[in-house]
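The values are calculated or read from the model by the stated rules, or taken from the named source; none is laboratory data. Everything numeric here is computed off the predicted structure, so don't read it as measured data. No Cβ is skipped: glycine too gets one built from the backbone with ideal geometry, and neighbour counts run over all protein chains shown. Each accessible area value is taken on the protein alone, full model and side chains, heavy atoms only, with ligands, DNA and RNA left out. Shrake-Rupley method; radii C 1.70, N 1.55, O 1.52, S 1.80 Å.
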Amino acid sequence: MNTITIKIDGQFVTKSSKNAGAAGSGNACELKLIFDESWLGFAKRVIWRDSKGENPTSILLTQDLENPLVYTTSIPPSVTGSEGWCSFTVEGYNIKNPNVVNKSASDFLFVSYSQSNEGIAAPSPSEAVQLQKQFEELLPKVSALMKETRE
């Protein structure tokens with residue numbers, strides 16, 4: 001699995017990569033979020049939006065047991081459905097009042113084009129299969145001509 005390290009210093013974001021993966025590759029890339037100490041004491045979630053700014057998806061973050069400022073989460077499939085720049089906003093809130101966001105930081109990741117996301121066409125039939133199909137299409141005509149000849 002591809003891992004992108006994201007450091008959040010206050011409201012500033014730095015990323016180890018801008019690439020979220022290929023279109024259709026949900027849960028194939030994870031984020032390792034590293035917060036500065038100003039985020040201590042806040043519950044955290046990530047709000048994702050796809051490249052059209054649609055399909056908001058909220059992911060609650062669970063902290064690393066060894067380090068309360070490190071979190072890991074995957075990029076959900078709802079975000080990587082189409083190519084373009086998807087967005088994420090990390091929110092810090094008090095667990096007693098989750099409707100009030102006390103801290104936030106936002107940035108974008110790029111979802112690249114993937115032909116497999118459009119569905120790969122079935123392979124061309126072999127020559128034998130193609131000839132068989134043509135033969136089957138001609139068979140009714142040949143049968144009709146033979147019937148006319150006998151009459």
**Prompt:** Inside region 47-74, can you point out the residues that are under 20 Å from Q11 (Cα atoms), open to solvent by less than 20 Å² (accessible area, probe 1.4 Å) and under 16 Å from the mean Cα position of the chain (by Cα)?
**Reply:** W48, T73
**Asked** Out of the residues in region 81-92 that are modelled with pLDDT of 90 or more and over 14 Å from S104 (Cα atoms), which is least open to solvent (accessible area, probe 1.4 Å)?
**Response** C86
**Asked** Under 8 Å by Cβ, and 6 or more places apart or on different chains, what pairs join a residue from region 50-67 that is touching a residue at least 24 places away in the same chain (Cβ under 8 Å) with one that is among the basic types (K, R)?
**Response** N55/R49; L61/K44; L61/R45
**Request:** For region 75-101, enumerate the residues that are in a strand (DSSP E or B), within 20 Å of T14 (Cα to Cα) and of a type outside the set (F, W, Y).
**Result:** G84, C86, S87, T89, V90, E91, G92
**Prompt:** Looking at this structure, is S87 of a type in the set (G, A, S) and more than 25 Å from N102 (Cβ to Cβ)?
**Reply:** no
